[in-house]
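The structure under discussion appears below in the form of structure tokens.
The values are calculated or read from the model by the stated rules, or taken from the named source; none is laboratory data. Note that the structure is a prediction, hence the values are computed from the model and not measured. Positions of Cβ are generated from backbone atoms using ideal geometry, with glycine treated the same way; all protein chains shown enter the neighbour counts. Heavy atoms of the whole protein, side chains included, go into the accessibility calculation; ligands, DNA and RNA do not. Shrake-Rupley method; radii C 1.70, N 1.55, O 1.52, S 1.80 Å.
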Amino acid sequence: MMKRKALFSGTFDPFTVGHYSIIERALRLVDEIVIAVGVNAEKQMLYSPEERMDMIRKIYSEEKRIEVTSYDMLTVDFAKEIHADFLLRGVRSSGDFEYEKNMADTNRKLAGMETVILISEPEYEHVSSSLVRELIHYKKDITNLIPVIK
């Protein structure tokens with residue numbers, strides 16, 4: 001039986017309950033998920049790539065079907081490099097969907113790589129990493145916006 005591998009990529013600065021929800025739901029659909037932290041030197045980040053990977057690894061420390069890594073190249077090229085069967089994306093709004101649809105079309109044309117899009121659960125559609133970063137900046141409680149780190 002062929003195993004299906006998905007690549008779930010992002011900056012994950014920080015990894016939120018929305019990201020966690022997408023992963024948990026996707027684990028019912030695939031055999032393995034590679035969570036890849038994108039490295040972008042141009043972007044101002046709250047956490048280093050190593051800190052972000054460490055946080056995600058702790059969340060999934062008991063889930064053997066999850067691999068956490070980082071990458072610094074075009075996402076579709078990295079997906080091919082790791083032999084992913086498809087890209088996994090989550091969308092919270094119609095604006096997210098339009099962006100992801102354009103990316104999916106481009107990745108299919110560039111590399112024949114398909115994208116599977118999961119729609120956010122309603123209780124998480126307002127949660128974004130930028131919102132969580134802002135709340136952290138103002139020292140607000142974010143416990144209900146990030147997954148429990150084991």
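Assorted remarks:
- To the nearest ten degrees, helix 49-59 and the longest principal axis of the Cα atoms of the chain are 90 degrees apart.
- Our helix-only sum for the chain, with -39,500 (n - 2.57) per DSSP H run of n ≥ 4 divided by its residues, gives a mean residue ellipticity at 222 nm of -11000 deg cm²/dmol.
- Sequence of M2, M53 from largest to smallest accessible area, 1.4 Å probe: M2, M53
- Sequence ranges 135-148, 118-131, ranked by mean other-Cβ count within 10 angstrom, highest first: 118-131, 135-148
- Label-to-label distance, nm, for residues given as L46 and T106 (7 Å Cα→Cβ offset): 2.6 nm
- The heavy atoms of V91 present about 10 square angstrom of accessible area, all protein chains included, probe 1.4 Å.
- Listed pairs K80/K109; K58/K80; K5/K150; K3/K43; K64/K150; K5/K80 exceeding 23 Å between Cα atoms: K58/K80; K5/K150; K3/K43
- The accessible area of F78, taken with all protein chains in place and a 1.4 Å probe, comes to roughly 10 Å².
- Charge tally for L110 (other residues, Cβ to Cβ under 13 Å; Lys, Arg +1; Asp, Glu -1): 0.
- When both region 77-93 and region 1-69 are represented by their alpha-carbon centers, they are found 11 Å apart.
- On the principal axes of its alpha-carbon atoms, the chain has extents of 45, 34, 32 Å, going from largest to smallest.
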